[in-house]
Amino acid sequence: YIKSIGDNDSLYKKLNRGEIIIDEDDLLYKYFASYAKMHKIKLDSAFDTFLSKLSGKKINVIDCGCGQAIATMVLIEYIKNKNLDIKINNLKLIEPSSLALDRGLLHIDVLGYKGKVEIINKDIDCLDKKVAN
């Protein structure tokens, strides 16, 4: 898709190194194309160090600043690909961009996640202390 609209530097620059609150579809695609592979590599490496120790457990996941839920997608795929006996009991997606949150929900749905998902459409600075509970 990015190539079809003309992959120019202006979209990448608008991302401000991934720090903006995305409010345009084209930026969702550009962010994914620019950063998803890097996120997957670093998360897979982190998961290699500890996730197998959670086999047989139920876990709660809070993905804060989740964007399009890339970290959650990588987690779900990692558990499946490694055949780990880990059940995600509760999932909280926290993100100020409603556009990115909607896309994140679509992503995890496509991966077959059927558990409870709580959506919190807020910036981290606006969260109530009760959110993590």
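The values are calculated or read from the model by the stated rules, or taken from the named source; none is laboratory data. All values derive from a computational prediction rather than experimental measurement. No Cβ is skipped: glycine too gets one built from the backbone with ideal geometry, and neighbour counts run over all protein chains shown. For the accessible areas, the whole protein counts, side chains as well, though only heavy atoms, and no ligand, DNA or RNA atoms are used. Shrake-Rupley method; radii C 1.70, N 1.55, O 1.52, S 1.80 Å.
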### Summary
Given (1) at pLDDT below 95; (2) of a type in the set (Phe, Trp, Tyr); (3) open to solvent by less than 60 Å² (accessible area, probe 1.4 Å); (4) in contact with a Phe, Trp or Tyr (Cβ under 9 Å, 6 or more places away or on another chain), TYR29 misses just (3)
### Message
Looking only at the range 99-130, count every residue that is closer than 12 Å to GLY67 by Cβ and not hydrophobic (A, V, I, L, M, F, W, C) and tell me the total.
### Response
4
### Sole exception among (1) at pLDDT below 95; (2) assigned to a helix (DSSP H, G or I); (3) under 26 Å from ASP123 (Cα atoms); (4) of a type outside the set (Ser, Thr, Tyr) for LYS3, by number
(3)
### Query
For THR49, are the conditions met, namely being among the hydroxyl-bearing types (Ser, Thr, Tyr), free of Cβ contacts under 8 Å to residues at least 24 places away in the same chain, farther than 20 Å from TYR12 by Cα and not in a strand (DSSP E or B)?
yes
### Task
Confirm whether LEU11 is open to solvent by less than 30 Å² (accessible area, probe 1.4 Å), at pLDDT below 90, within 17 Å of GLU95 (Cα to Cα) and not basic (Lys, Arg).
no
## Note on the structure
Restricted to the range 75-94 and to residues being among the charged types (D, E, K, R) and in a strand (DSSP E or B), the residue farthest from LEU111 (Cα to Cα) is LYS92
### Task
Exactly one condition in (1) farther than 18 Å from LEU105 by Cα; (2) among the aliphatic types (A, V, I, L, M); (3) assigned to a helix (DSSP H, G or I); (4) open to solvent by less than 70 Å² (accessible area, probe 1.4 Å) is not met by MET38; state its number.
(4)
### Query
Yes or no: VAL61 assigned to a strand (DSSP E or B) and open to solvent by less than 50 Å² (accessible area, probe 1.4 Å)?
yes
### Query
Taking into account only those residues within the range 76-123 that are of a type in the set (Ser, Thr, Tyr) and buried (at least 16 other Cβ atoms within 10 Å of the Cβ), which is farthest from ILE22 (Cα to Cα)?
TYR78
#### Entry: From the options LEU111, LEU84, LEU93, residue that is in contact with a helix residue (DSSP H, G or I) (Cβ under 9 Å, 6 or more places away or on another chain) and farther than 29 Å from LEU27 by Cα
LEU84
### Message
Take the conditions closer than 23 Å to ALA33 by Cβ, under 16 Å from the mean Cα position of the chain (by Cα) and open to solvent by less than 30 Å² (accessible area, probe 1.4 Å) and apply them to ALA46. Does it pass?
### Response
no
